[in-house]
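Worksheet: one structure, shown below.
Read the figures in this text as sums done on the coordinates, not as results from a lab. Quick caveat, the model's predicted, so the values are computed rather than measured. Cβ sites come from the backbone with ideal geometry, for glycine too, and all protein chains shown count toward neighbours.
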Amino acid sequence: MTITQAHPIDQPTRTLVRFIASALLCLFPLALAAAEPPPAPGLTSASPLAGRIWLPKERRMVSAEELAAKALSAGIVALGESHDNPDHHALQAWVVRRLVAAGRRPVAAFEMVDTDRQGDLDANSGDLAVLGTALDWEKRGWPDWSLYRPIAEAILGGGGGLVAANLPLATTRDIAKGKDSADTRARYGLDEAPSAAVQAAMAKEIRDGHCNLLPEDSVAPMVRVQRARDAALAEAVAMQATRPEVGPVVLIAGSGHVRSDRGAPARLRDMVPSIRILAVAFLEVDDTETDAAAASRFDGQAAPFDAVWFTGKAAREEPCAQMEKHLRKK
């Protein structure tokens, strides 16, 4: 698979400085960071897992303080959400505030903003009350901007910046229709097919995520779009991660995009191998779930994240009924 970008990021000196800066920050005691506790959950859950943090590879629980320490030692912090869960956004904002309190200058890369809207993002970042409207946030199908505003406030309050990271809509359509160019395929890693196992797993996720209501001939194009979006997110993050004067880069995206095995972090390991990545997923649990490994729900395998923060479930319409309505409109 060819890994290229519109703007090359092969800058050894900048990357080395960035790495050294991250290493030096690890030497500061965690006591320097403000001891703000995580926000109280707004969503209740009877599960004993709710509010707890699980390290899948180590099969152990950790405190919020230990997770904050891991974030402080990383150059890239990927925070995966369920878009409509307000607790997830509150926790994302808390992580950012902990980084700022420790003297970091994080930059946030948002899945919710296409890269061709960076100009709109820059022009309106001075007034967060109108930023969502300027970006057509809700019109483009994202939950209310007010859920994300505290993240942006924390970033800008710490002297960082906001970055558009998603694949532009026109490019998404071209890829879905098979009209993408050779340059686009190379840039987003589509010039080489994934393994049969990955292709099958991604296809199953798309079918399941759409309640098996999709026409079969639309599944493969959607897999290609998903892979390209992961690559676009990685590209935007990598460009920022090599800037020694800021960091870490905080990726705000759906939890599927922050998977360590095949999401944006997997591609980032090839693009910026010297920069430490921490992939955290905020995952909802049912009231009856008590086993952290099983609650991660990845076919008996360890969850593909460095950490999982369990939360209560957001109230929403039954997803398959909602999906059927959506597809009927189309």
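Tabulated results
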read-out: Listed residues Ser146, Leu135, Leu91: farthest to the positive end of the dipole of the range 90-178 (Cβ charges); value: Leu91
read-out: Mean Cα-pair separation over length for the range 27-172, i.e. relative contact order, pairs under 8 Å, 6 or more apart, %; value: 27
read-out: For the chain, alpha-carbon Rg and Dmax in angstrom; value: 19.2, 56
read-out: Additional length obtainable on full extension of the chain from Ala196 to Ser125, 0.36 nm per residue less Cα span; value: 21.3 nm
read-out: Of the GluC sites (Glu not before Pro) in the range 211-302, those whose Cβ has at most 11 other Cβ within 10 Å and which sit in DSSP loop; value: Glu245
read-out: Amide H within-cut-off set for Gly247, under 5 Å, with H built and near neighbours excluded; value: Arg105, Val107
read-out: Percentage relative contact order, the range 200-330, counting C-alpha pairs under 8 Å, at least six apart; value: 20
read-out: The chain: DSSP helices with Cα axial extent of at least 30 Å and average Kyte-Doolittle hydropathy no lower than 0.0; value: 219-241
read-out: Mean Cβ count within 10 Å, highest first, over the residues of peptides 298-311, 82-95; value: 82-95, 298-311
read-out: Too-long pairs where the Cα-Cα distance tops 32 Å, listed order kept, from Lys177/Lys325; Lys70/Lys179; Lys57/Lys204; Lys204/Lys325; value: Lys70/Lys179
read-out: Beta bridges by DSSP in the chain, antiparallel share as percent, to the nearest 5; value: 20
read-out: Extended-chain gain in nm, criterion 0.36 nm per residue less alpha-carbon gap, Asp84 and Asp183; value: 32.2 nm
read-out: Other-chain or far-sequence residues with amide H under 5 Å of Ala279's (modelled H); value: Ala78, Asp306, Ala307
read-out: Computed over the chain: relative contact order in percent, which uses C-alpha pairs under 8 Å that are six or more apart; value: 32
read-out: Value of D in µm² per second that Stokes-Einstein yields for the range 195-299, Kirkwood Rh from Cα pairs, at 4 °C (1.567 mPa s); value: 83
read-out: Cβ charges +1 (Lys, Arg) and -1 (Asp, Glu), total dipole of the chain, debye; value: 520
read-out: Span per principal axis, largest first, for the Cα atoms of the range 242-330 (Å); value: 47, 38, 23
read-out: The range 85-198, dipole about Cα centre (Lys/Arg Cβ +1, Asp/Glu Cβ -1), debye to the nearest 20; value: 260
